[in-house]
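**Q** Next up is a structure, given as structure tokens.
The values are calculated or read from the model by the stated rules, or taken from the named source; none is laboratory data. Nothing here was measured: the structure is a model prediction, and the numbers come from that model. Cβ placement follows ideal geometry from the backbone for every residue including glycine, while neighbour counts extend to all protein chains displayed.
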Amino acid sequence: MKNFLLSLNEGVAETDIPSSFLPHFNTLLQLKAIVLKNNLYRFEDGYCAGKLDVSFSGTGYLSSLLPTPSKDIVIEASGLHGGMRGDLVVAKRIANKKKPPYQSCYCLYCPACFC
């Protein structure tokens, strides 16, 4: 599943999606997390995939699946939507006016089989 999520950063043709991933692909389409651009499906702007860590206080931290020098993305407990430590999730970045140095997002989709 990690490789499938990584492929959505660069773009993937529908014919290259394994049949076992089609239910997840269709869910991401319904959530408008992925879009068709130049005959390739890729994440819509602002969406990302990563591995979730959750602190004892309930705050989540999303680490990108791509190597990046940027910091983890902070996810408030109310935005976890059932996501647990170690889950692979697709999230959308949203503006956080209360804490300017942090980027906030919410978990969109984290089925157990993403782990």
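**Q** Just need a number here: residues in region 1-21 that are assigned to a loop (DSSP other than H, G, I, E, B) and touching a strand residue (DSSP E or B) at 6+ places or on another chain (Cβ under 9 Å).
**A** Count: 4.
**Q** Inside region 32-76, can you point out the residues that are surrounded by fewer than 14 Cβ atoms within 10 Å (Cβ to Cβ) and aliphatic (A, V, I, L, M)?
**A** Those that are surrounded by fewer than 14 Cβ atoms within 10 Å (Cβ to Cβ) and aliphatic (A, V, I, L, M): Leu36, Leu66.
**Q** Follow-up question, since we're still on this one. Condition check: within 16 Å of Phe4 (Cβ to Cβ) and either of a type in the set (S, T, N, Q) or touching a strand residue (DSSP E or B) at 6+ places or on another chain (Cβ under 6 Å) (or both). Does Val54 satisfy that? So that I can check it myself, show each step before the final result.
**A** Numbers: within 16 Å of Phe4 (Cβ to Cβ): no; either of a type in the set (S, T, N, Q) or touching a strand residue (DSSP E or B) at 6+ places or on another chain (Cβ under 6 Å) (or both): yes.
No; evaluated as a whole, the condition is false for this residue.
Okay, residues lined up against (1) assigned by TED's automatic domain parsing to the domain that holds Lys92; (2) free of Cβ contacts under 8 Å to residues at least 60 places away in the same chain:
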{"site": "Leu6", "(1), (2)": "no, no"}
{"site": "Thr15", "(1), (2)": "no, yes"}
{"site": "His24", "(1), (2)": "no, no"}
{"site": "Lys37", "(1), (2)": "no, yes"}
{"site": "Thr59", "(1), (2)": "yes, yes"}
{"site": "Ser64", "(1), (2)": "yes, yes"}
{"site": "Asp72", "(1), (2)": "yes, yes"}
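**Q** Please find, within region 93-113, the residue that is modelled with the lowest pLDDT out of those that are more than 18 Å from Phe4 (Cβ to Cβ) and surrounded by 11 or more Cβ atoms within 10 Å (Cβ to Cβ).
**A** In the first step, residues of region 93-113 are kept if they are more than 18 Å from Phe4 (Cβ to Cβ); the result is 93-106.
With the extra rule that they be surrounded by 11 or more Cβ atoms within 10 Å (Cβ to Cβ), the set shrinks to 93-94, 96, 102-106.
Values: Arg93: 76, Ile94: 72, Asn96: 64, Tyr102: 43, Gln103: 47, Ser104: 46, Cys105: 52, Tyr106: 48.
For region 93-113, the residue satisfying everything is Tyr102.
**Q** Could you list all residues from region 22-72 that are part of a loop (DSSP other than H, G, I, E, B), under 16 Å from Lys92 (Cβ atoms) and either among the β-branched types (Val, Ile, Thr) or in contact with a helix residue (DSSP H, G or I) (Cβ under 9 Å, 6 or more places away or on another chain) (or both)?
**A** Answer for region 22-72, where residues must be part of a loop (DSSP other than H, G, I, E, B), under 16 Å from Lys92 (Cβ atoms) and either among the β-branched types (Val, Ile, Thr) or in contact with a helix residue (DSSP H, G or I) (Cβ under 9 Å, 6 or more places away or on another chain) (or both): Ala33, Leu65.
**Q** State whether the residues of region 71-79 include one that is modelled with pLDDT of 90 or more, small (Gly, Ala, Ser) and out of contact with any Cys (no Cβ under 8 Å at 6 or more places or on another chain).
**A** Here is the first cut: in region 71-79, the ones modelled with pLDDT of 90 or more are none.
There is no residue in region 71-79 that is modelled with pLDDT of 90 or more, small (Gly, Ala, Ser) and out of contact with any Cys (no Cβ under 8 Å at 6 or more places or on another chain).
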